[in-house]
Amino acid sequence: MSCLLPSRHLEAVPDAWNHSAEIYADRRCVGAEREEWRNRRIARIRARVEQVFAAITQWGGKKVRTIGQARASFAMGMRVLVYSMRRLAFLAG
């Protein structure tokens, strides 16, 4: 059984009003061409998000040596705050 109907109309599903990255389709409808199309569509957003995690990884990663969830959350929150402040300084300067 071929997947002609869904494959013809898959590109029309995401539009200006539909910002969801989730597309549910039959697995047979997904091929290399469809994966490449989807990856190009979300590449800019993914790259921007991954830059944040790369910077935090350079500062010691997601490992925090503390006792207790509250202290660990605070330590990670401070790393994210420092990243945001450095990014703001970069964009302002």
Just to verify a number: what accessible area does residue 81 come out at with the full protein assembly present, 1.4 Å probe, Å² rounded to tens?
80
How much accessible surface area, in Å² rounded to 10, belongs to the heavy atoms of residue 86 with a 1.4 Å probe?
140
Would you calculate the separation in nanometres between label points at residue 69 and residue 88, each defined as 7 Å from the Cα along the Cα-to-beta-carbon direction?
2.9
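The values are calculated or read from the model by the stated rules, or taken from the named source; none is laboratory data. Everything quoted here is computed from the prediction, not taken from an experiment. Backbone-built Cβ (ideal geometry, glycine too); neighbour counts: all protein chains shown. In case anyone asks, the SASA skips ligands and DNA or RNA and just uses the protein heavy atoms, side chains included. Shrake-Rupley method; radii C 1.70, N 1.55, O 1.52, S 1.80 Å.
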